[in-house]
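The values are calculated or read from the model by the stated rules, or taken from the named source; none is laboratory data. These figures come from a predicted structure and were not determined experimentally. Cβ sites come from the backbone with ideal geometry, for glycine too, and all protein chains shown count toward neighbours.
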Amino acid sequence: MTTNGASSPAPLGLLAELTHRCPLGCPYCSNPLALDKRDHELDTATWARVFREAASLGILQVHLSGGEPAARRDLPEIVRAAHDAGLYSNLITSAVGLTPQTLLKIADEGLDHVQISIQDSDEISADHIAGYKGASTRKRAIAGEVVKLGLPLTINMVVHRANIERVESMVELALSLAATRVEIAHVQYYGWALKNRAALMPTREQVDKAVRQVESLRAKHRGQIVIDAVVPDYYARYPKPCVGGWGRRSLNITPAGRVLPCHAAEVIPGLEFWNVREYSLADIWHASPAFAAFRGTDWMHEPCKSCPRRDQDFGGCRCQAFMIAGDARVADPVCHLSPHHALVEQLAAAREETAYSYRSS
Amino acid sequence: MARPANQLSNDACPRLPKGVRLTHNEAQGGWVLLAPERVFKADVITAEILKRCTGEATLGAIVDDLANTFAAPRERIHADVMNLLGGLVEKKLLELD
């Protein structure tokens, strides 16, 4: 195992997966196929300690996520703990299972921001994608409650073949809900999304059109709403700088307390993950083998090793390199310079009108 | 509506909205502006401007205060403040009362 010898920079963000329980069954969920069981979940006190350790490490923001974070009955106490630790808190929620009463409570406990997922502007399609009848109505209602409380609202829209033709109306919907921000998040193929890839994959033409639409929507709505977009990397020339580089910017804690450099890292064999029940967050960040595995650039093979972009995109995604090319050390096959790039083209072409495998335990 | 930097009125009172805050963090090496799922590094000058954006002081008064405090030419401060705040308004990181 190689390291670059320098001390690791301070992380900025913590993704706290409070639970893998969720009422929805979205086929693109990034959670692993093997979901953590309820009785393995970290308790309130442990999360509170983890938040304090996160703040000491220099982490600025926590993203309270899951599964569905509102499935945790102790969500108000968890929000309070994040606030008391001095962390900026984002609630990443489906809004299904989040009552107006709980929302008021967590706002009082100091929650800074709410992100609500919306599956489609077309409500029938939205409920079909979520696998939950009535989800769309609940989400819009809770979005209204968030805005009434004066909290900033982001609408997250995961984009794939079933809704990619409605990017414009999805942004209009976010505007009508008084969101300050909308995320147009093209599906990334991990976890359940990988399982459902053939059913989710758009065509290159659809993606190019959506990218152009986002550009003109940005110009049209400048100053009214911020449009953030997550690019669909299967059709890209260069890879994304996955999580801002392995073990550089962020870390992910699973419901059972395992600390991962990214949400998909468990697919890579041979990595040793440490648990917050046994180690401090600082020890895990600086010394756990999984974090050291791909930090810096010493681990790289060609073409990444001598590529002028290596400190920009870090060779792309290790998990994707493993899943597509069978080796976590090679260039992300999404990169046109990867010798495995043809595999990505084949996978992108493998589209099927097939039923979703809904997320479930 | 979108507002180019030169249209920010001197009588407006700039304010960081709920969910946006300026904080100093040792481990991150200085001032940071925290916003929904985003972090921006802020240099010392940006921090001095934003500290004064409380919703109580007008833009004109803020520029005067900075010019006095830092003994700097008012026109230069005015241009810098307008540029900074115009950009933040566009990114929904600042409100003008």
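Among the numbered conditions (1) buried (at least 23 other Cβ atoms within 10 Å of the Cβ); (2) assigned to a helix (DSSP H, G or I); (3) among the hydrophobic types (A, V, I, L, M, F, W, C), the only one that A:Ala45 does not meet is (1). Scanning region B:61-72 for residues that are part of a helix (DSSP H, G or I) and either touching a helix residue (DSSP H, G or I) at 6+ places or on another chain (Cβ under 8 Å) or over 14 Å from B:Arg15 (Cα atoms) (or both) gives B:Ile62, B:Val63, B:Asp64, B:Asp65, B:Leu66, B:Ala67, B:Asn68, B:Thr69. Within region A:80-90, identify whether any single residue is at pLDDT below 95 and either crowded, with 22+ Cβ neighbours inside 10 Å or in contact with a Gly (Cβ under 9 Å, 6 or more places away or on another chain) (or both), and answer yes or no. Looking through region A:80-90, none of the residues is at pLDDT below 95 and either crowded, with 22+ Cβ neighbours inside 10 Å or in contact with a Gly (Cβ under 9 Å, 6 or more places away or on another chain) (or both).
Here is a check on your reading of the model: is A:Trp299 buried (at least 20 other Cβ atoms within 10 Å of the Cβ), touching a residue at least 60 places away in the same chain (Cβ under 8 Å) and in contact with a Phe, Trp or Tyr (Cβ under 7 Å, 6 or more places away or on another chain)? In short, no. Which residues, counting only those in region B:16-54, are of a type outside the set (D, E, K, R) and more than 14 Å from every other protein chain (Cβ to nearest Cβ)? Result: B:Val44, B:Ile45, B:Thr46, B:Ala47, B:Ile49, B:Leu50, B:Cys53, B:Thr54. In region A:212-233, of all residues being more than 14 Å from every other protein chain (Cβ to nearest Cβ) and modelled with pLDDT under 95, the one that is surrounded by the fewest Cβ atoms within 10 Å (Cβ to Cβ) corresponds to A:Val231.
Rundown of residues vs (1) more than 13 Å from A:Leu14 (Cα to Cα); (2) in contact with a helix residue (DSSP H, G or I) (Cβ under 9 Å, 6 or more places away or on another chain); (3) at pLDDT below 95; (4) crowded, with 21+ Cβ neighbours inside 10 Å, yes/no style:
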{"residue": "A:Glu272", "(1), (2), (3), (4)": "yes, yes, no, no"}
{"residue": "A:Asn275", "(1), (2), (3), (4)": "yes, yes, no, no"}
{"residue": "A:Ala282", "(1), (2), (3), (4)": "no, yes, no, no"}
{"residue": "A:Lys305", "(1), (2), (3), (4)": "yes, no, no, no"}
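Just one of (1) more than 20 Å from the chain's Cα centre (by Cα); (2) within 17 Å of A:Arg258 (Cβ to Cβ); (3) within 11 Å of chain B (Cβ to nearest Cβ) fails for A:Ser56. It is (2).
Determine whether region B:73-82 contains at least one residue that is touching a residue at least 60 places away in the same chain (Cβ under 8 Å) and part of a helix (DSSP H, G or I). Yes; the residues of region B:73-82 include at least one that is touching a residue at least 60 places away in the same chain (Cβ under 8 Å) and part of a helix (DSSP H, G or I). Among the criteria (1) closer than 28 Å to A:Ser357 by Cα; (2) of a type in the set (S, T, N, Q); (3) touching a Pro at 6+ places or on another chain (Cβ under 7 Å), the one A:Gln119 does not fulfil is (3). When region A:176-195 is limited to residues that are out of contact with any strand residue (DSSP E or B) (no Cβ under 8 Å at 6 or more places or on another chain) and touching a residue at least 12 places away in the same chain (Cβ under 8 Å), the one that is surrounded by the fewest Cβ atoms within 10 Å (Cβ to Cβ) turns out to be A:Lys195.
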